[in-house]
Structures are given as C-alpha cells and as structure tokens.
Amino acid sequence: MNIIFVCLGNVCRSVMAEMIMKDLLNRAGIRDVNVASCGISNEEEGEPIYYLAKHKLEEKGILVFPHGARQMSYNDYLNNDLIICMDQFNKRAVLNLIGHDQDAKVCMLKSFVGKCDDVLDPWYTRDFETTFAEIKEACEALLEKLRRDIYD
C-alpha cells in the first residue's frame with residue numbers, strides 16, 4: 001500500500017500529514033504501508049519542512065524525517081494507491097494533472113472523518129495547532145480504515 005499526501009507547496013500540510021501518518025503506522029506496528037508527500041506547485045522545490053510546521057510536530061512528539069519539497073508528477077498517480085489532498089484547490093489540480101481518476105485514488109483528507117471541507121493552510125492562517133489537530137484526527141481515521149480494509 002502506497003499513500004501520498006498533497007498540498008500546495010509540500011512544506012506544511014502534506015508533509016505534516018506524512019510525518020503524522022508515519023508515526024501512527026509505526027506505533028501500530030504496520031510496516032507495509034509506504035507514506036510520502038508532495039505539492040502541486042514547484043515553488044518550494046527542495047525546501048525543508050517549514051520551521052513552524054516542524055516545531056509543531058516536534059512539540060507533539062512526532063519524529064520529523066529529513067524532507068525536501070517536491071512537485072507531484074503523473075508517476076505519483078501511477079505508483080500510489082491513495083492520493084490524499086488537503087483542499088479542493090489541490091484536488092482539482094491533481095485531477096487536472098492526471099486527466100481522469102480511473103482508479104478512484106484521489107480523495108480529500110477530511111473525508112476519512114466524514115467531512116468535505118478543507119484543511120486550512122497554516123502558511124496563511126498561522127494556526128498550526130488547528131492544522132495539526134485536523135490532520136491527526138483524519139490520519140487516525142485513515143489508520144482505522146486501513147486496519148479494517150487490509151488487516152481484518
């Protein structure tokens with residue numbers, strides 16, 4: 001199972017989701033799910049996780065792995081089972097890139113908690129606490145879905 005999280009620049013939300021999901025999987029002892037992240041834009045290409053996002057993860061006890069922002073490619077669609085977007089703008093950009101989601105891989109992060117709204121971008125809101133809480137809640141729900149779908 002391969003999962004990739006997508007946001008705009010790949011320095012805040014998607015990389016936070018990547019690190020949170022890796023932590024949850026590790027704590028659950030699940031080793032056969034690969035997690036990555038990317039952005040729809042190339043404007044942050046090669047940049048590390050934004051320092052405020054990194055600080056919030058570390059404050060919450062999440063291990064932050066080395067990261068270099070990268071832009072999504074069509075191969076990301078081909079090589080992943082789930083493409084999880086942080087907001088509707090990102091989802092539209094992903095769908096524009098891939099043309100047609102023939103395998104129904106593209107979804108919104110908050111859909112795992114029964115919501116259709118966006119994870120707001122803390123780059124603009126400066127509210128990393130709320131972003132962390134929303135991502136963690138949705139990733140916990142995703143973990144439970146994986147347990148049911150794959151391991152039951």
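Since every read-out is calculated from the coordinates, none of them should be taken as a lab result. All values derive from a computational prediction rather than experimental measurement. No Cβ is skipped: glycine too gets one built from the backbone with ideal geometry, and neighbour counts run over all protein chains shown.
Laid out as a table, the results:
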read-out: Cβ charges +1 (Lys, Arg) and -1 (Asp, Glu), total dipole of the chain, debye; value: 220
read-out: For the chain, with +1 on Lys and Arg beta carbons and -1 on Asp and Glu, the positive-most of Asn90, Pro66, Cys12 along the dipole; value: Pro66
read-out: Segment 92-143: GluC sites (Glu not before Pro) in DSSP loop, at most 13 other beta carbons within 10 Å; value: none
read-out: Extreme residue, positive dipole direction of segment 2-151, given options Gly29, Thr131, Gly46 (C-beta unit charges); value: Gly29
read-out: Rough spin-label spacing in nm, given labels placed 7 Å along Cα→Cβ, for Glu58 and Glu43; value: 2.6
read-out: For the chain, calculated [θ]222 nm from helices alone, where every DSSP H run of n ≥ 4 adds -39500 (n - 2.57); value: -13000 deg cm²/dmol
read-out: Under 14 Å, Cβ to Cβ, from Arg27 - net charge with Lys/Arg +1 and Asp/Glu -1; value: +2
